1. Long-range amide H contacts for residue 122: which residues qualify at under 5 Å (H placed 1.01 Å from N, peptide plane, sequence gap of 5 or more or a different chain)?
2. Is it possible to state the helix-based mean residue ellipticity at 222 nm for the chain, with each DSSP H run of 4+ residues giving -39500 (n - 2.57), the sum divided by total residues, to the nearest 500 deg cm²/dmol? What is it?
3. Is there a pair in 68/168; 190/230; 168/230; 68/215 whose C-alpha atoms are over 23 Å apart, and which pairs would that be?
4. Within the chain, which is the longest segment containing none of the GluC sites (Glu not before Pro) that sit in a DSSP loop and have at most 10 other Cβ atoms within 10 Å?
5. What order do you get for 283, 79, 88 when you list them from fewest to most C-beta neighbours inside 10 Å?
6. So what's the gap between the Cα centers of segment 229-250 and segment 125-192, to the nearest angstrom?
7. Net charge near residue 23, counting Lys/Arg +1 and Asp/Glu -1 over other residues with Cβ under 15 Å of its Cβ?
8. Compute the Kirkwood hydrodynamic radius of the chain, taking the inverse of the mean of 1/r over all pairs of distinct Cα atoms, and give it in Å to one decimal.
Amino acid sequence: MLSCRSYQMPKSLAEALALWRGAPEGSRLIAGATDILPWAREGRAGDVEIDTLIDLSRVAELSGYQQKDGRIRLGANVVWQDFLTDPVLARSLPCMPFCSVWFADDQIRQQATLAGNLVNASPAADGTPPVIALNGDIEIARLDGDTVVTRTMPVADFISGPGRTDLKPGEIVVAVTVDALPGYGGSYQKVGQRRSLVISSVCCAAVVKTDPSGKVFEDVRLALGGVGPKPMRLTETEAMLRGKAISADLIERASAGPVDLVASRTRVDYRRTVVRGFVRAAVEDALAHAAQSAQSEEKETANA
């Protein structure tokens with residue numbers, strides 16, 4: 001059971017930061033609260049009493065998204081369901097809808113935020129590999145006196161290990177900014193120890209763009225999670241594919257390289273087998289979706 005002495009619902013970022021700066025030790029920030037409630041139930045953390053809970057779900061500055069200069073800035077309160085239902089996000093972030101399908105269920109997706117998933121910094125977090133593949137940056141705010149100041153850093157650097165981030169006392173994540181990649185194909189591969197509400201043992205995100213002929217890799221982005229202390233970008237595999245003629249043999253050879261990156265302490269052989277299959281499947285699946293995206297654009301152009 002979760003209880004608290006004080007429950008605050010600020011409506012502005014400045015108000016939230018002031019409350020957070022003055023909150024007693026052990027207080028917590030929540031948005032969707034989809035992680036803290038299961039954590040506090042009997043059998044995990046047991047009965048938990050927190051001094052102050054600060055609910056960020058009504059903070060106006062954390063809502064919605066903006067698209068500019070080939071990037072999309074996602075407010076920290078953007079929920080997972082938005083990647084399935086918002087056509088702009090689904091088209092511009094082609095791996096996110098596939099990741100969202102794997103993320104829990106409909107009810108949780110309506111509450112859970114992408115930013116919260118990143119802040120938890122689980123090695124098996126669903127959101128981190130696709131955000132890293134999309135060159136994601138995280139925007140963090142704090143108060144300097146009474147003035148709100150922000151800093152930005154790559155998500156790949158923000159997460160430093162299991163449950164560890166670069167978030168400092170008094171800071172709040174306000175946004176995640178990623179590349180907008182319309183015309184790319186996306187994929188997300190995931191496996192766990194159960195069929196429903198799967199927690200990843202291994203996951204792989206991919207976004208791929210081909211040249212106009214559909215026969216050459218123009219761009220490839222790949223990232224893995226669940227194989228080490230933090231998710232990782234597969235830059236060497238990307239370089240091996242980028243600019244090359246697409247072939248099953250090339251994809252098979254490229255998928256063998258990341259096997260050596262598995263650094264987990266458990267089920268190492270299993271994870272290595274899965275990684276090789278997932279990288280291959282992610283690239284092939286993303287290529288198929290890239291072809292579908294190209295066909296859709298041709299139809300839109302013809303009907304314009």
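Each value in this text was obtained by applying a stated rule to the coordinates, not by laboratory testing. Nothing here was measured: the structure is a model prediction, and the numbers come from that model. FYI the Cβ positions are ideal-geometry reconstructions off the backbone, even for glycines, and counts take in every protein chain you see.
1. Under 5 Å from the amide H of residue 122: 163.
2. -9500 deg cm²/dmol
3. Beyond 23 Å between Cα atoms: 68/168; 68/215.
4. Working: sites that count: 25, 42.
For GluC sites (Glu not before Pro) (loop position, at most 10 other Cβ atoms within 10 Å), the longest site-free span of the chain is 43-304.
5. 88, 79, 283
6. Here the two parts' Cα centres lie 23 Å apart.
7. Values: positive: 5, 21, 28, 142, 168; negative: 15, 25, 49, 51, 55, 171.
After counting each charged neighbour, the total is -1.
8. Values: mean 1/r = 0.0495 Å⁻¹.
For the chain, inverting the mean 1/r across all distinct Cα pairs yields 20.2 Å.
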